[in-house]
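Visitor: Following this message is one structure expressed as structure tokens.
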Amino acid sequence: MQFTKSLKEYGILISFIVTCAILSIATPQFLSVANWTIIITQVSINALLAFGVTFVIITGGIDLSIGSIVAVTGVVAASLAQNGDYPVIVAVIGGLMAGLAFGLLNGFLVTKSKIAPFIVTLGTMTIGRGLALILSKGRPVSNLSDSFNFIGNGKIAGLPVPIIILIIVFIICSIALRKTIFGRYIYAIGGNEDAAWASGISVDKIKLAAYAICGALAGLAGILLTARINTGQPNSGMGFELDAIAAVVIGGTSTTGGRGTMIGTLIGVLLIGVINNGLDLMNVTSYYQQVIMGVIIIGAVLMDSWNQKTRN
Amino acid sequence: MQFTKSLKEYGILISFIVTCAILSIATPQFLSVANWTIIITQVSINALLAFGVTFVIITGGIDLSIGSIVAVTGVVAASLAQNGDYPVIVAVIGGLMAGLAFGLLNGFLVTKSKIAPFIVTLGTMTIGRGLALILSKGRPVSNLSDSFNFIGNGKIAGLPVPIIILIIVFIICSIALRKTIFGRYIYAIGGNEDAAWASGISVDKIKLAAYAICGALAGLAGILLTARINTGQPNSGMGFELDAIAAVVIGGTSTTGGRGTMIGTLIGVLLIGVINNGLDLMNVTSYYQQVIMGVIIIGAVLMDSWNQKTRN
Amino acid sequence: GPAEDDGKLVIGVTMLSMQNEFIVNVADEMQKKADEMGVKLITVDAERSALKQMEQVESFIAQGVDAIILNPCEVEASSPAVSRAIAAGIPIVNVNSETTAKPTAFVGSNDVESARIAMNYLAEKMNGKGNLVMIHGFMGQAAQIQREEGAKEILKAHPDMKLLAEQTGEWDRSKSMDLMQNWIQSYGDQIDAVFAHNDEMGMGAVKALQNAGMKDQVLVVSIDAIQDALQAVKKGELDATVFQNAREQGVAAVNTAVKLAQGQKTEEKILIPFQLVIKGNVDNFLK
Amino acid sequence: MPLLQISQISKSFSGIKVLENISFDLKSGEVHALMGENGAGKSTLMKILMGLLKADTGSIHLEGEDITKMDVQETLKKGIAMIHQEILMVPELSIAQNIFLGKETSTFSFLKEKHINQQTQELFDNIGLTLNPKTKMKDLSIAQMQMVEIVKAISNEAKIIIMDEPTSALSDKEVAKLFKIIKDLKSRNVAIVYISHKMDEIFQIADRITVLRDGNYIGTKTVKELNNKTLITMMVGREIDSIYPESHAEIGETILEVKDLTSRGKFENINFELKEGEVLGLAGLVGAGRTEVARVIAGLDKFNSGKIILEGAELKLKSPKDAIANKIGYVSEDRKALGFIPDLSVNENLTLASLPIYANGAFPVKNREESVGNHMVKDLKIKTNGLTQSVGSLSGGNQQKVVIGKVLLTSPKVIILDEPTRGIDIGAKFEIYKLIRTLSQNGIAIIMISSELPEVLGMSDRIVVLSEGKQTAILSGKEATQENIMHYAIH
Ligand SMILES: Nc1ncnc2c1ncn2[C@@H]1O[C@H](COP(=O)(O)OP(=O)(O)OP(=O)(O)O)[C@@H](O)[C@H]1O
Ligand SMILES: Nc1ncnc2c1ncn2[C@@H]1O[C@H](COP(=O)(O)OP(=O)(O)OP(=O)(O)O)[C@@H](O)[C@H]1O
Ligand SMILES: [Mg+2]
Ligand SMILES: [Mg+2]
């Protein structure tokens, strides 16, 4: 299969399977269908963010603003979904547009001003956080319509809606990255921006698109989070950027660009989710949870790099 | 002067001066000696972190664990400074050693395992946070000796001790980076690691040293923070890594390595400090402060890049 | 300096976090009261950092404000801020929670007490026996430490109440929802009750229990009485919350600070009691 | 006993053998040429000697001491230095800082910056190089960088200097300088391994020649035992008669016109016409501004005044994309910076500039891509494990072919080839020349920039000579001689 072409992913996949094996021995509930439904629902928000930021990181950029975009879009969508004033689609589109607007702003600043993406998105991260607080006056926006709530907590054909969204977005993103001209250009830009430009690629447009997608997906994540907890929280999404970027990098995407896959990101997301879930199931004290989490992350990536070495 | 040699710094220096000028017009207290004493004392902790991470970033790496190191070293130093059980120097050395140990661990993992620095230090960040909580049992460590308190709040010849520490560390770091073989190798490794290696440089040793220095300086920052608030706080230092890295990047250091200066970092640190201080002085609502902060950061760096363009 | 502002009194206010609904409510009440009294407030957000809070107090001192209101981030770590104001001869009023260092005056309540109230309610409802889980606030923060202390104190008095599991939800609704979902997997029907350190997390637990169809069998109690929580109590989703009176705290804090600034004497401790909110009395608290 | 003895070295990359039982020896004071086609394994062998790569099997002895396991740090100390094929420098550091990297002069580890600048200046003065030691590496042209690489290697006072294609970016003037240096080194008993694809150089300076082919050792001969033809036969395994094929192209209408083209500070008043089927050479010394002219026509740089006219219509090029859309293709002299994407595969690089052609809407069609890819690999004789090998792991010459292939796939009417045979072996050069001929026969107009005069002379119909940014002559027919070009180039 194309998706699993690169060697890199096999490595982290093995780490992931080993982690799951250990957890399923340690706690009997771990492997149940019910538990996996929960795990996948729980990771869906981080997954959407990580998918989006995968595009950006492969171009050689970074997006620190996604956590703040989650907050802004959550507040916007919640305001539109309050008391069922508008149909649910308005709230969804409103949230997506807010995310897209941030993404376009990031992309515009990165491509036109030539400021480092780190700084641009650090700036919009702070701006976004402030905006979310201003829009909500620092208070949660609640009393949302039932149909909006359905996005976060409903089920279709027995599957939780967040899982369905996750699967659809994953498939689209995988195809976009691996099977389209756009995806090829993303890799080319991250691999050697000057050469891509000299080959006639509109580097700025592609980068703008990458940031825009990332923003829109962060918007979707914000909608999902808001629907899940049934409130627009201005302080939600804090630190999400780090979790998402961690998942992407654990999944084998290089922070300097040019290399990475969506399936890798998905495995990275699942690995983090599985560890969180497993440690809760085992009722590990929260202090130790953090230590163990750190050790497992380093260990998983270490195993990956050993695998690669022995294969060479 | 050697320090201000590169064009890059002039740009951000101009942005900094413009920002200060605007603030001094907007609020009369801004330019007072008392206020600047406060500003510089306040930025001292971020400055120590930023100086350390400048070395790491110039090698092309990153250190996300510094905020957690602040917490661990704070707890360690506070435990040793409690009730005046030991002489103050023991607490200081204990804190520094804890920071150094983390730095060495980071450096060791980065150089030996070939795992991306982002992942390594994300892992140790989580581990450090957990350790700080375990060591302190989640409780603040207080009742520290007066001589320890002096480090954070005392004055020597009218100058607050944190300012004196800041100046000394800045001078040492500047010299180390610009005037020593070690500094040259730091730039060479970040500029082109293969070339550095092919020129016979012990790349691993130099990188290890960079992470070790960064860890030790984070330890010093942790000691300073603990002394300033007179408590070892296990949850302190959260998000400090982002502030420090932001200051470094605003100061013109490239996140891909090979370029940067200590004076640039210092100006970056001061710029952030001055904006925080100025917005408080002007009594801007906290939500709007964040928006303005983001805009100013982007604006300052934008001005910098325009300056550079017009000069070329 | 600010003291010259139209001859108005100037009070510096540093708040724990302007992203917390309860704290925002207190700040709003203070502002209202100050407007009413013709006093100028400079309100800053410490963003949960004791260091930042101390620096803000330093800044207030340098600006020469007439009084300071401090909503402490930490018991110990915010103490130097208090001492500093006292040393500079500026009256300082702690609002909402205490510090080790003694301020000029204190307005608020004891966080340990809020947890005692919540836990006592659970003990009563559970007849002193059964299994519960506890969702902590951010580990190491003052409110988490004190609410844990109060809860454990009551648990000790009821040996048949068993704490199955405890874990941090970081004050966050979605994190605590995830946590509760995971606990439902590992403990399932064994869980009889949930105590969450704040309403946000309590609401998260409620949501997880509802989704699992278990809300009817499990009691959920939390602290703060934010609007959402009050609505939930009214609907019978949340069993109880503990009300802290934001309005009284805010008003009393400004009153006290103004008096002190004018050189008048005030009480050293103005305690504003917590109140348990249940379905029966929730209408008294709803806006 | 030879100074250096390499015995039975083998090396594989991901299971593919690139060196098999190679032995090689080196005597003091000799210039030993290492020859072979692109991908024969020359650079790999030398990197193993240098300690930059580890051999799978075999041994290396220096003056009887086993140095097989040594890292580059140690081999440098043992007196081995290397001029790398791909310029291996730190762009942000100055020339002097690069030359003295790893061997800085210092007191108590404090740098003596003045001292290294002075020493660099002395080294430059000795060989007649006019560069400021304080200039940043990234501000140099490739040729200048290559000169710095050379100076860096000789500044090591080494016993052995490996020169891996040291002249690939140099023009004759600089090559002459290098040869003077080599003679001097020989007289001081330094041994030199010399790798080059330029045959005439080999016969000028080599004492012995060792030939590799496909990772196998073919033989070692003294230079007297060989001539051009026999050497080529050893390398390629077959005979190549005339290296520059006859032109049978019909020269047609004017396709491209450049009028008074000026880019301030780089070049001024450039005027020439280019006709269908014509090969127009662009000659000049290093720094004459040839690349700058090419970059402007290819849409990479802006210009100040003048016109670029394609088929009668004035072009307004905002980016390379516009140039490609107007059927102007450009093969850069700096393939690493502007040519290819190292992490992408051979096929992905080949189709990069023409991807929409092989796509169904937004989706590239794999079969179509692979079929053109396979064609290109066959036509250009690209040596690769397959279409999926990453271009970053190809040998230098094969990377160059991929870049040319990429441009060809945009079906250009005008192709600008900037140093197209840089680092390409003799067999492949011949392929490229044949390719140029085929292209002209199909009516494609070609601008060829080359620092190898015989190449410019052998391939071009007309030659534009530049000197310090000014056009000094357009030569054709009998006028086009080596002497004439040099005359106008120094003008
Ligand atoms: N890192 C690598 N991974 C995989 N294959 C490699 C790597 N480096 C070199 N090769 C392969 O080894 C073979 C020998 O390459 P090498 O660079 O030694 O050739 P060369 O003789 O120097 O060629 P050229 O004249 O083009 O420089 C080539 O087929 C190349 O593709
Ligand atoms: N990146 C650069 N920055 C500054 N100056 C440069 C740069 N590249 C080239 N130059 C200078 O511009 C002038 C023209 O260089 P150009 O590369 O066009 O010459 P050329 O005739 O193509 O020679 P070459 O054989 O080196 O390609 C030279 O003096 C060169 O040193
Ligand atoms: Mg080679
Ligand atoms: Mg050129």
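Just so it is clear, none of the values below were taken in a lab; they were calculated from the coordinates. Remember, predicted model here, so these are calculated numbers, not experimental data. Counting neighbours? That spans all protein chains shown, and the Cβs are built from the backbone with ideal geometry, glycine included.
Visitor: Using Cα atoms only, what is the angle between the long axis of helix D:172-187 and the major principal axis of chain D, expressed in degrees (0 to 90) to the nearest 10?
Guide: Orientation of helix D:172-187: about 10 degrees from the principal axis.
Visitor: To the nearest Å, what is the center-to-center distance of the range D:434-491 and the range A:193-212, using C-alpha atoms only?
Guide: Here the answer is 35 Å between Cα centres.
Visitor: To continue, here is another question. Provide the per-residue ³J(HN,Hα) series for the range D:306-313, in order, calculated from phi with Karplus coefficients 6.51, -1.76, 1.60 and θ = phi - 60°, each as a whole number of Hz, with x at glycine and proline positions.
Guide: x, 9, 10, 10, 10, 6, x, 10
Visitor: Can you bin chain D into rounded, prolate or oblate? Criterion: square roots of the alpha carbon gyration tensor eigenvalues sorted a ≥ b ≥ c, rounded for a/c under 1.5, prolate for a/b above b/c, oblate for the rest. Can you show the working numbers first?
Guide: On the way: a/c = 1.66, a/b = 1.37, b/c = 1.22.
Prolate, because a/c is 1.5 or more and a/b exceeds b/c.
Visitor: Further, regarding this structure: Would you pull out the residues with amide H under 5 Å of D:Leu475's amide H, same chain only if 5 or more places away, H placed 1.01 Å from N?
Guide: D:Ile463, D:Val464, D:Val465
Visitor: For the residue pair D:Thr107 and D:Asn374, what label-to-label distance in nm results when each label sits 7 Å from Cα along the Cα-to-beta-carbon direction?
Guide: Modelled inter-label distance: 7.0 nm.
Visitor: Tell me, what does the Kirkwood hydrodynamic radius of the range D:113-188 come to in angstroms if you use every pair of distinct C-alpha atoms? Walk me through the intermediate numbers first.
Guide: Values: mean 1/r = 0.0769 Å⁻¹.
Mean inverse Cα-Cα distance, inverted, gives 13.0 Å.
Visitor: Could you check the spin-label model distance between A:Ser113 and D:Asp66? Points 7 Å from the Cα along Cα→Cβ, value in nm.
Guide: 6.1 nm
Visitor: A follow-up question, please. List the residues whose amide H sits under 5 Å from the amide H of C:Ser109, counting only those 5 or more places along or on another chain, with H placed 1.01 Å from N in the peptide plane.
Guide: Counting only residues 5 or more places away or on other chains, the set is C:Asn96, C:Ile272.
Visitor: Could you compute the FRET efficiency for C:Asp160 and A:Ala34, with r as their C-beta to C-beta distance and R0 at 25 Å, rounded to 0.05?
Guide: Details: r = 30 Å, r/R0 = 1.19.
Efficiency computed from Cβ-Cβ geometry: 0.25.
Visitor: Could you work out the pair-distance distribution P(r) of the range D:1-65 from its alpha-carbon pairs, with 10 angstrom bin width and percents rounded to whole numbers?
Guide: Each 10 Å bin holds this share of Cα pairs: 21, 55, 22, 2.
Visitor: Whose amide H sits under 5 Å from the amide H of D:Met82, counting only residues 5 or more places off or on another chain, with H placed in the peptide plane?
Guide: D:Ile162
Visitor: Which of A:Ala157, A:Ile213, A:Ile201 sits closest to the plus end of the dipole of the protein assembly as shown, meaning its Cα is farthest towards the positive end, when Lys and Arg get +1 and Asp and Glu get -1 on the C-beta?
Guide: Checking the options against the dipole of the protein assembly as shown, the answer is A:Ile201.
Visitor: Given R₀ = 30 Å, what would the calculated FRET efficiency be for D:His115 paired with D:Arg264, taking r from the Cβ atoms and rounding to 0.05? Write out the running numbers ahead of the final one.
Guide: Numbers: r = 38 Å, r/R0 = 1.25.
For D:His115 and D:Arg264, the calculated efficiency is 0.20.
Visitor: Out of A:Gly84, D:Gly102, D:Pro320, whose Cα points farthest toward the positive end of the dipole of the protein assembly as shown (charges: +1 Lys, Arg; -1 Asp, Glu; placed on Cβ)?
Guide: The residue sitting most towards the positive pole is D:Gly102.
Visitor: Another question about this same structure. With a point put 7 Å past each Cα toward its Cβ, work out how far D:Lys316 is from D:Glu122 in nm, to one decimal.
Guide: Those two pseudo-labels are separated by 5.8 nm.
Visitor: Follow-up question, since we're still on this one. Report, ordered by chain and residue number, the lysines lying within cross-link reach of D:Lys316, taken as a straight Cα distance under 19 Å and ignoring same-chain residues fewer than 8 apart.
Guide: D:Lys259, D:Lys302, D:Lys307, D:Lys327, D:Lys413
Visitor: Then there's this: Which one of B:Phe118, A:Leu100, D:Leu350 has its Cα pushed farthest toward the positive end of the charge dipole of the protein assembly as shown, where Lys and Arg give +1 and Asp and Glu give -1 at the Cβ?
Guide: D:Leu350
Visitor: Can you sort C:Lys207, B:Lys205 so the residue with the fewest Cβ neighbours within 10 Å comes first?
Guide: Numbers: C:Lys207 26, B:Lys205 13.
So the ranking, lowest neighbour count to highest, is B:Lys205, C:Lys207.
Visitor: About the Cα centre of the range C:61-125, how large is the charge dipole given +1 on each Lys and Arg Cβ and -1 on each Asp and Glu Cβ? Please answer in debye to the nearest 20. Numbers along the way, then the final one.
Guide: Working: 4 positive and 7 negative charges, 12 e Å.
In total the dipole reaches around 60 debye.
Visitor: Something else now. Angle check, please: helix D:426-441 long axis (alpha carbons) against the longest principal axis of chain D (alpha carbons), in degrees 0 to 90, nearest 10.
Guide: 0 degrees
Visitor: If you average the C-alpha positions of the range B:44-117 and of the range D:344-371 separately, how far apart do those two centres end up, in angstrom?
Guide: Here the two parts' Cα centres lie 50 Å apart.
Visitor: May I pose another question? Over all alpha-carbon pairs in the range D:4-236, figure out the percentage whose distance exceeds 30 Å.
Guide: Values: 6689 of 27028 pairs.
Percentage above 30 Å: 25.
Visitor: Another question about this same structure. For C:Asp66, D:Asp207, what ranking results if the residue with the fewest other Cβ atoms within 10 Å of its Cβ goes first? Don't skip to the end; give the middle numbers.
Guide: Values: C:Asp66 21, D:Asp207 17.
With the sparsest Cβ surroundings first, the list reads D:Asp207, C:Asp66.
Visitor: Related question: If a/c stays under 1.5 just call it rounded; otherwise compare a/b with b/c (prolate if a/b is bigger, oblate if not). Do that for the range B:97-247, with a ≥ b ≥ c from the square roots of the Cα gyration tensor eigenvalues. Could the numbers behind the result be given before it?
Guide: Details: a/c = 2.88, a/b = 1.46, b/c = 1.98.
Oblate shape, in that a/c is at least 1.5 and b/c is the bigger or equal ratio.
Visitor: Which shape class, rounded, prolate or oblate, goes with the range A:32-303 when its Cα gyration tensor gives a ≥ b ≥ c as root eigenvalues, a/c under 1.5 marks rounded, and past that a/b bigger than b/c marks prolate?
Guide: Values: a/c = 1.62, a/b = 1.17, b/c = 1.39.
Cα axes put the range A:32-303 in the oblate bin.
Visitor: Another one. For all pairs of alpha-carbon atoms in the range B:1-117, what percent lies in each bin of width 10 Å, listed from the first bin to the last filled one?
Guide: Result returned by the calculation: 11, 26, 28, 24, 10, 0.
Visitor: Let me ask something else. With viscosity set to 1.567 mPa s at 4 °C, what whole-number translational diffusion coefficient in µm²/s follows for chain C from Stokes-Einstein and a Kirkwood radius over Cα pairs?
Guide: Details: Rh = 19.5 Å.
My calculation gives 66 µm²/s for D.
Visitor: Neighbour counts of other C-beta atoms within 10 Å: give me A:Leu133, A:Leu100 arranged from fewest to most. Working shown, then result.
Guide: Values: A:Leu133 27, A:Leu100 23.
Lowest to highest Cβ neighbour count: A:Leu100, A:Leu133.
Visitor: Ok, one more. For helix D:142-154, report the angle its Cα long axis makes with the longest principal axis of the Cα atoms of chain D; keep it between 0 and 90° and round to the nearest 10°.
Guide: 10 degrees
Visitor: Hey, what D do you get for the range B:107-163 in µm²/s if you plug the Kirkwood alpha-carbon radius into Stokes-Einstein at 25 °C and 0.890 mPa s?
Guide: Numbers: Rh = 14.6 Å.
The calculation lands on 168 µm²/s.
Visitor: Using 12 Å as the cut-off for backbone N distance, which residues of the range C:102-129 belong to the label zone defined by a point 7 Å from the Cα of C:Glu267 along Cα→Cβ?
Guide: So the set is C:106-109.
Visitor: Okay, moving on. May I ask for log10 I(q)/I(0) of the range C:1-122 at q = 0.11, 0.13, 0.14 Å⁻¹, from a Debye sum over the Cα atoms as equal point scatterers with solvent left out?
Guide: Summing over Cα pairs of the range C:1-122 leads to -0.36, -0.50, -0.57.
Visitor: Let me ask you something else. List the pairs from A:Lys155/C:Lys207; D:Lys198/D:Lys229; C:Lys40/C:Lys269; D:Lys378/D:Lys429; A:Lys137/C:Lys8; A:Lys137/C:Lys207 whose alpha-carbon separation is above 20 Å, in the order I gave them. Write out the running numbers ahead of the final one.
Guide: On the way: A:Lys155/C:Lys207 15 Å; D:Lys198/D:Lys229 13 Å; C:Lys40/C:Lys269 24 Å; D:Lys378/D:Lys429 15 Å; A:Lys137/C:Lys8 27 Å; A:Lys137/C:Lys207 24 Å.
Beyond 20 Å: C:Lys40/C:Lys269; A:Lys137/C:Lys8; A:Lys137/C:Lys207.
Visitor: Also, quick follow-up: Rounding to the nearest 20 debye, state how big the charge dipole of the protein assembly as shown is about its Cα centre with +1 on each Lys and Arg Cβ and -1 on each Asp and Glu Cβ. Provide the component values of the computation, followed by the final result.
Guide: Values: 120 positive and 124 negative charges, 291 e Å.
Charge dipole of the protein assembly as shown: 1400 debye, to the nearest 20.
Visitor: Bin width 20 Å, alpha-carbon pairs only: give the P(r) of the protein assembly as shown as whole percents, running from 0 to the bin holding the largest distance.
Guide: Result returned by the calculation: 9, 34, 33, 17, 6, 0.
Visitor: Sticking with this one: Mean Kyte-Doolittle of at least 1.0 and a Cα length of 18 Å or more along the axis: which whole DSSP H helices of chain A meet both?
Guide: Sorted by number, the helices that extend far enough and score high enough are A:7-26, A:33-58, A:66-81, A:88-113, A:117-136, A:161-179, A:203-229, A:262-281.
Visitor: Can you pull the Kirkwood radius for the range C:121-239, inverse mean 1/r over Cα pairs, to one decimal in Å?
Guide: Taking every pair of different Cα atoms in the range C:121-239, averaging 1/r and inverting gives 13.9 Å.
Visitor: Rounded to the nearest 0.05, what FRET efficiency do D:Glu225 and D:Ile309 have when you use their Cβ-Cβ distance and R0 = 45 Å?
Guide: Numbers: r = 55 Å, r/R0 = 1.21.
Here the calculated transfer efficiency is 0.25.
Visitor: Still on this model: For chain D, what relative contact order do you get, as a whole percent, if you take Cα pairs closer than 8 Å and at least 6 residues apart? Walk me through the numbers before you get to the answer.
Guide: Details: 986 pairs, mean separation 81.4, N = 491.
Computed over chain D, the figure is 17 percent.
Visitor: Something else: Give a residue-ordered list of calculated ³J(HN,Hα) values for the range D:316-329 (Karplus: 6.51 cos²θ - 1.76 cosθ + 1.60, θ = phi - 60°; whole Hz; x for Gly, Pro).
Guide: 10, 9, 9, 7, x, 4, 4, 5, 5, 5, 8, 6, 10, x
Visitor: Per-residue HN-Hα couplings for the range C:223-236, Karplus 6.51 cos²θ - 1.76 cosθ + 1.60 at θ = phi - 60°, whole Hz, x for Gly and Pro?
Guide: 10, 2, 6, 6, 3, 4, 5, 4, 4, 5, 5, 4, 6, x
Visitor: In the neighborhood of D:Met46, defined by Cβ-to-Cβ distances under 11 Å, what is the net charge if each Lys or Arg adds +1 and each Asp or Glu adds -1? Walk me through the intermediate numbers first.
Guide: Working: positive: D:Lys42, D:Lys47; negative: D:Asp164, D:Glu165.
In short, 0.
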